[in-house]
Amino acid sequence: MAVSHPIFARVFARASVAMDRAGAAAHRRRLVAGLRGRVVEVGAGNGRNLPHYPSTVAGVLAVEPEPRLRAALRAAARDAPVPVTVAAGLAEALPVADASADAVVLSLVLCSVPDQAVALREARRVLRPGGQLRFYEHVVAETPGLRRAQRVADATLWPLCCAGCHTARDTVAAIRAAGFTVVELDRFRFPPTGVPGPASPHVLGTAVRP
């Protein structure tokens, strides 16, 4: 279940720290605020979300397929405020029983999974009825000009340089198509200043498995 991207893993580790300093840490806090019970975090990367989990969370299963990121994730788990178990695994085949999670967290991962529909079906499978899907993702732009730039990026070097990342995915529509009910949604640009880039349109929200 390993997905090895050694160069991207090193770049991502540095970039995630810079992103948090630029304001992403506040978005991570919002992402997991108020969660309870058992949580599965899919594509947990190097563990930048872990410090923000509230004490009401009984435990987190942090799933990460990339070996270098997973090693950093294990290090971050030791200092997490809640119990964290780190596991290798893919978004499309989570090592979790049916209807056993109170929440699934997806953070900057649905841009790079090979098939969003399959990954979201897995998230729905492991969630109990009424369970929450929390998501923080960069998505397709709402403006035609930036959408064109995203299509060009996705058709050229962006996925190759960014471990399969695609910038023009309509992730919110995919979440709804997978059978979730979106109950909270915030759209914003990140970083908030400067010239908008292909990955600058972001969403943060909550969906529920009916």
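The values are calculated or read from the model by the stated rules, or taken from the named source; none is laboratory data. From a predicted model like this one, the values you see are computed outputs, not experimental measurements. Backbone-built Cβ (ideal geometry, glycine too); neighbour counts: all protein chains shown. To get the accessible areas, we keep the full protein, side chains included, count just its heavy atoms, and leave off ligands, DNA and RNA. Shrake-Rupley method; radii C 1.70, N 1.55, O 1.52, S 1.80 Å.
Among the residues of region 81-110, which ones are within 15 Å of Arg121 (Cβ to Cβ) and either part of a strand (DSSP E or B) or polar (S, T, N, Q) (or both)? Passing the criteria: Leu90, Ala93, Ala101, Val104, Leu106. For region 1-31, a residue qualifies if it is in a helix (DSSP H, G or I), in contact with a helix residue (DSSP H, G or I) (Cβ under 7 Å, 6 or more places away or on another chain), surrounded by fewer than 17 Cβ atoms within 10 Å (Cβ to Cβ) and of a type in the set (A, V, I, L, M), and exactly one does: Ala13.
Checked against the criteria, Arg189 counts as of a type in the set (D, E, K, R), open to solvent by 80 Å² or more (accessible area, probe 1.4 Å) and at pLDDT 95 or above.
Taking region 58-92 as the range and being loosely packed, with under 14 Cβ neighbours inside 10 Å and within 20 Å of Ala177 (Cβ to Cβ) as the test, no residue passes. Being open to solvent by 10 Å² or more (accessible area, probe 1.4 Å), in a loop (DSSP other than H, G, I, E, B) and small (Gly, Ala, Ser) is a description that applies to Gly34.
Looking at region 145-159 only, could you name the residues that are within 21 Å of Leu185 (Cα to Cα) and open to solvent by 40 Å² or more (accessible area, probe 1.4 Å)?
Of the residues in region 145-159, the ones within 21 Å of Leu185 (Cα to Cα) are 146-147.
Correct list: Arg147 only.
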